[in-house]
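Single-structure report; data block below.
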Amino acid sequence: MTKDFLQITDFTTEEIYETFDIAGELKVGESIYEGILKGKTVACIFTKPSLRTRISFETGIYELGGYSLYVTDKEIQLGVRESIYDAAKVLSRFVSMIMIRTFDHSDVEQLAEHADVPVINGLTDLTHPCQVMGDMLTAKEHLGRLENLKVAFLGDGNNVFNSWMNLACRIPMELRLGTSPKTLPDQKILKKTEEAGKSKVIVTHDAAEAVSGVDVIYTDVWASMGQKEKAKEKAELLKDFQVNDELLAKADPSCIVMHCLPANRGEEITDSVMDGKHSVVFDEAENRLHIQKAIMVQLMRNHLG
Ligand code: CP
Ligand code: NVA
């Protein structure tokens, strides 16, 4: 197992399945790892806002017996007040694990490279691995299986979709992206996913084609954090990819609808879909807690040897 969890592909397929099992056990209060963070402190560094990630990590750390330290970039000014190398070395003398949410993915890679303790990616501009692990746990609970799901992601080819591609490198699925020609995902990750040969990835510019016969319809905000100046342009580019009743009528009646949240209701998803019978969005939010506890268990078990 790798020291850090920066991408879903940091875990092998077996480690991913084991993480789902541990999350399931933690969720029902039947885990031998309940106290694994006893007497330990986890630094949670945020350069972007958060509801789910902050609260689920802080609660999860507490539930595993540890103490969480919320640190904003105003405080440490990573790479500005001092080098990422120095910050990584100093943090490692105080805390047992670091969770970080920031803009530049390479900052997180540098932090992990130089930290002597495990580092978890809590979202970067490139990926959002904890989110998609929690989403897959939710899909498993609702659909009864992990493999060979058909998943359609509608909207911006963003960090969340990139993490879906990373997951598709490890678990077989048919992953479709319904998006505009100008909002494509990270091309390096797309190429790696195709080369991994585990899953089929389809990029289409037709929303109806994307959702036809799928098990999961997924959407996310059209303009991610740090891109709000592009909100108008993206809204124009992606207006045909809204998840609404009309689109849902073209999908399988047993499909589930997911959104990582926060949502811009009325933009990428309508109220009627978000609050409708296919929606599992709040189960996804809850599962962030359970899956992140399991990810912390995996890293801490490995770190403690
Ligand atoms: N889904 C998610 O990561 O939510 P927050 O931005 O509120 O943490
Ligand atoms: N793509 C979104 C996800 C938020 C959880 C963003 O990066 O803002």
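Bear in mind these aren't lab numbers, they're just calculated from the coordinates by the rules spelled out. Worth saying up front: this structure is predicted, and the values here are computed from it rather than measured. So basically every Cβ, Gly included, is an ideal-geometry build from the backbone, and we count neighbours across all protein chains shown.
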For a quick check of your reading: which helices (runs of 4 or more DSSP H) sit entirely within region 1-115 and have at least 2 residues that are within 23 Å of the chain's Cα centre (by Cα)? 13-27, 52-63, 105-114
Only one of Leu237, Leu190, Leu261 is surrounded by 15 or more Cβ atoms within 10 Å (Cβ to Cβ) and either among the charged types (D, E, K, R) or in contact with a strand residue (DSSP E or B) (Cβ under 9 Å, 6 or more places away or on another chain) (or both), namely Leu190
Within region 215-305, which helices (runs of 4 or more DSSP H) (wholly inside it) include 3 or more residues that are free of Cβ contacts under 8 Å to residues at least 40 places away in the same chain and farther than 30 Å from Arg145 by Cβ? 231-238
Taking region 46-72 only, how many residues are surrounded by 14 or more Cβ atoms within 10 Å (Cβ to Cβ) and within 16 Å of ligand 2 (Cβ to nearest atom)? 9
Would you mind listing the strands (runs of 3 or more DSSP E) fully within region 136-206 where at least 1 residues are basic (Lys, Arg), farther than 22 Å from Ala235 by Cα and touching a residue at least 12 places away in the same chain (Cβ under 8 Å)? 149-154, 200-204
Of the listed residues (Val108, Val132, Val160, Val117), the one being away from ligand 1 (no atom under 13 Å from the Cβ), β-branched (Val, Ile, Thr) and buried (at least 24 other Cβ atoms within 10 Å of the Cβ) is Val108
